[in-house]
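Everything on this sheet refers to the single structure shown next.
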Amino acid sequence: MPNPTTHTHGQVVRSTGSWYTVRTDDGREVECKVKGNFRLRSIRSTNPVAVGDGVSIIEDGSGTAFICEIDERRNYIVRKASNLSKQSHILATNLDMALLVVTIARPETSTTFIDRFLASAEAYRVPVAICFNKIDDLTSEEREMLDYLTLIYRDIGYDVLHVSAITHEGLDALPPLLNNRLTLLAGNSGVGKSTLLNALIPEAHARTASISDAHGTGMHTTTFSERYDLPQGGALIDIPGIKGFGTFEFEREEVSHFFRDLFSLSAECRFGNCTHTNEPGCAVLQALENHRLAPSRYQSYLSMLDDKDESKYREAY
């Protein structure tokens, strides 16, 4: 048993929003809370502590431990909180990469959602691989869309994988990508994150649910964030499905910097402060006209500019 008022270091491996499980450096798992004054010193976030955080805790022998300090974060991915437009929600911290799980249909993941996630990850220097799941359940037209989107994102420079968590098709490509890395597992509800997690880590026993027939959308089966260790080293952080992805902490003039394709093209714009909307000599608009820039990528860029123009949160469906 720890001595009264013992200071211990560890990493947050589970978060319910009010309780945090900390895996200490000596291998114990301790249930912790956050002191009220700690919240006041934190950034404006709905969750001041996130899975992946290195923390110091105080154990006083009473059965309740408290997180008293957070290590400096190497990086993190944050989105605008859906209920408080002026606050952020930290998805995970200290990541080596993010695996964005998406589906062409049942449910359909919008390109706006994909692009907003990619831009946010780019802003916080988190590499992303895009994982198209449920490839066993596609019509010929849907498979054409899969090929089209794969071409777009691979051309930009993102790793793109095709898998079926049900049949295990394509899963062999994942372990080399994930091993010895801390990876955020993210995506809309219903895209099969939990099924994929169970396929990679059978002992995870993550809850799964069928898609709603009425709406073709997923049901939330993950209700908190948790780290799961991979058999060959590394770990996945599973988080609740994300419905929308409002952007946060971007200045309007910075938005294009986080779209790799737009940023590359912008070097040829006539004006250094070009917004790529109506300026003469805009290389981005020229590329759009010449079919060298995907219209969906440009529309996603405009939607993020709209966020900044209107100074309000708009969910991306």
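The values are calculated or read from the model by the stated rules, or taken from the named source; none is laboratory data. A quick note: this is a predicted structure, and the numbers were derived from the prediction, not measured. No Cβ is skipped: glycine too gets one built from the backbone with ideal geometry, and neighbour counts run over all protein chains shown. These area figures cover heavy atoms from the full protein model, side chains too; ligands, DNA and RNA do not enter into them. Shrake-Rupley method; radii C 1.70, N 1.55, O 1.52, S 1.80 Å.
Just to verify a number: FRET efficiency for Arg125 and Thr64, C-beta to C-beta distance, R0 = 35 Å, to 0.05? Walk me through the intermediate numbers first.
On the way: r = 36 Å, r/R0 = 1.02.
Computed FRET efficiency for Arg125 and Thr64: 0.45.
With every protein chain kept in place and ligands, DNA and RNA left out, what is the accessible area per residue of region 114-164? Probe 1.4 Å, answer in Å².
On the way: 2180 Å² over 51 residues.
Result: 43 Å² per residue.
Glu29 to Glu144: FRET efficiency via 1/(1 + (r/R0)^6), r the Cβ-Cβ distance, R0 45 Å, to the nearest 0.05?
Values: r = 47 Å, r/R0 = 1.06.
Working from the Cβ atoms, E equals 0.40.
What spacing in nm lies between the two simple spin-label points modelled at Arg74 and Ala204, each 7 Å away from Cα in the Cβ direction?
Those two pseudo-labels are separated by 2.0 nm.
Within the set of other residues whose C-beta is less than 12 Å from the C-beta of Leu262, count the net charge using Lys and Arg as +1 and Asp and Glu as -1. Don't skip to the answer; put the middle values down first.
Numbers: positive: Arg260, Arg292, Arg297; negative: Asp115, Glu122, Glu254, Asp261, Glu268.
Summing Lys and Arg as +1 and Asp and Glu as -1 gives -2.
Quick one: of Lys134/Lys243; Lys35/Lys80; Lys35/Lys193, which pairs are farther than 26 Å apart, Cα to Cα? Provide the component values of the computation, followed by the final result.
On the way: Lys134/Lys243 19 Å; Lys35/Lys80 24 Å; Lys35/Lys193 32 Å.
Over 26 Å apart, Cα to Cα: Lys35/Lys193.
How much length would be gained if the chain were fully extended between Glu254 and Arg270, taking 0.36 nm per residue of separation minus their Cα-Cα distance, in nm to one decimal? If you can, show how the numbers build up before the last one.
On the way: separation 16, 0.36 × 16 = 5.76 nm, distance 1.74 nm.
Full extension of this stretch gives 4.0 nm more.
Could you tell me which of rounded, prolate or oblate describes region 121-163, using a ≥ b ≥ c as the square roots of the eigenvalues of the alpha-carbon gyration tensor, with rounded for a/c under 1.5 and, failing that, prolate when a/b is larger than b/c and oblate otherwise? List each step's numbers first, then the result.
On the way: a/c = 3.47, a/b = 2.04, b/c = 1.70.
It is prolate, given that a/c is not under 1.5 and a/b is the larger ratio.
Which length gain, in nm to one decimal place, applies between Ser18 and Asp137 when the Cα-Cα distance is subtracted from 0.36 nm times their residue separation?
Values: separation 119, 0.36 × 119 = 42.84 nm, distance 3.85 nm.
Separation in residues times 0.36 nm, less the Cα-Cα distance, equals 39.0 nm.
For region 38-194, give the percent of accessible area contributed by carbon and sulfur heavy atoms, probe 1.4 Å, rounded to a whole number.
Details: 3050 of 6510 Å².
C and S atoms contribute 47 percent here.
Quick check: pseudo-label points 7 Å beyond the Cα along Cα→Cβ at Ile166 and Gln299, how many nm apart are they?
Label at Ile166, label at Gln299, 2.8 nm between them.
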